[in-house]
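> Sharing a structure, written as structure tokens. Questions coming.
The values are calculated or read from the model by the stated rules, or taken from the named source; none is laboratory data. Every value quoted in this text rests on a predicted model; they were computed, and no experiment measured them. Heads up, the Cβs are rebuilt from the backbone with ideal geometry, glycines too, and the neighbour counts pull from every protein chain shown. The protein model used for the area step is the full one, side chains on, heavy atoms only, and it has no ligands, DNA or RNA in it. Shrake-Rupley method; radii C 1.70, N 1.55, O 1.52, S 1.80 Å.
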Amino acid sequence: MITFEKVRFSYGERHVLKDASFSIGAGERVAILGGSGEGKTTILRLIMGLLRPDSGRLSIDGEDITQMSEAELRRVRMKFSIVFQEGALFDSLNVKENVAFCLREYTSMSEEEIEEKVKELLTQVGVGEALELMPEELSGGMHRRVAIARSLAAFEPKMFLYDEPTTGLDPVNADNICNLIVELSRSGRGFIIVTHKVIDALKVAARFMFLKNGEVLFDGGREQLIRTTVPEIRTFIRELEFKEEGKICLS
């Protein structure tokens, strides 16, 4: 579904991606790991056409999107459900109106149908009781769930994109969001999760990519990641002690 071919991208003089090449299928469950400023979120923005590569080819379902117009990109963006780290809810609208916004904007549903759809989506992500709450009244975990519900409102995405979905959350809420991500993928739709939290990546993903200095330093499965001898990755994952079945996985 997604193909990067020697993609380069810079913010001014800072090179974020250097000849990045990889492909991700619509049904894959992929975690992109790396430190701050390594280009993880940039990859998501490139996929959505919110940024354009300096050079190289970026294809979605075989279509090169690098030179597409905004009108053409809208069709591409409808293939994805994306939740950025900040959630980006409208502060002046309650939960119900936040989720209903996209339905009013992009569909011809009646108000009765919109209300039913909003209730369905909020229930699906586990915050059906938050209908009338304002964003400032939500906990961090609830805020992320509402953002996910809103991202699902108007379209039937082929793939989910998550930008640091558990950052700033306590362990219980982070675990709940991880469970929700897995649950939403059970329909066969895959996802890309951008995170620096190895423990959360291991809970949800089957394939792991690691970015360092603008390059894809690692691309492989769970066991390959855990047993890697690449010094930069060993340093990164050792900073995040995690457990599985009561045992320390890294030693």
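> Failed condition for Ser59, given (1) open to solvent by 20 Å² or more (accessible area, probe 1.4 Å); (2) in contact with a Ser or Thr (Cβ under 7 Å, 6 or more places away or on another chain); (3) not in a loop (DSSP other than H, G, I, E, B), with all others met?
(1)
> Turning to a different aspect of this structure: Give the number of residues within the range 26-60 that are touching a Gly at 6+ places or on another chain (Cβ under 7 Å) and among the small types (Gly, Ala, Ser).
Of the residues in that region, 3 qualify.
> How many residues does the range 202-223 contain that are surrounded by 20 or more Cβ atoms within 10 Å (Cβ to Cβ) and under 16 Å from Ser36 (Cα atoms)?
The qualifying residues number 4.
> Okay, moving on. Can you spot a residue in the range 128-135 that is open to solvent by 20 Å² or more (accessible area, probe 1.4 Å) and within 23 Å of the chain's Cα centre (by Cα)?
Looking through the range 128-135, at least one residue is open to solvent by 20 Å² or more (accessible area, probe 1.4 Å) and within 23 Å of the chain's Cα centre (by Cα).
> Would you check if there is a residue in the range 122-138 being over 26 Å from Ile32 (Cβ atoms), in contact with a Lys or Arg (Cβ under 6 Å, 6 or more places away or on another chain) and part of a helix (DSSP H, G or I)?
Checking the range 122-138: not a single residue is over 26 Å from Ile32 (Cβ atoms), in contact with a Lys or Arg (Cβ under 6 Å, 6 or more places away or on another chain) and part of a helix (DSSP H, G or I).
> Looking at the range 78-108 only, could you name the residues that are open to solvent by 50 Å² or more (accessible area, probe 1.4 Å) and either under 19 Å from the mean Cα position of the chain (by Cα) or over 25 Å from Leu138 (Cβ atoms) (or both)?
Met78, Gln85, Glu86, Ala88, Ser108
> For a quick check of your reading: which strands (runs of 3 or more DSSP E) sit entirely within the range 1-53 and have at least 2 residues that are surrounded by fewer than 16 Cβ atoms within 10 Å (Cβ to Cβ)?
Passing ranges, in order: 2-11, 14-24.
> In addition: In this structure, is Ile114 over 22 Å from the mean Cα position of the chain (by Cα), open to solvent by less than 70 Å² (accessible area, probe 1.4 Å) and among the β-branched types (Val, Ile, Thr)?
Spelling it out, Ile114 is indeed over 22 Å from the mean Cα position of the chain (by Cα), open to solvent by less than 70 Å² (accessible area, probe 1.4 Å) and among the β-branched types (Val, Ile, Thr).
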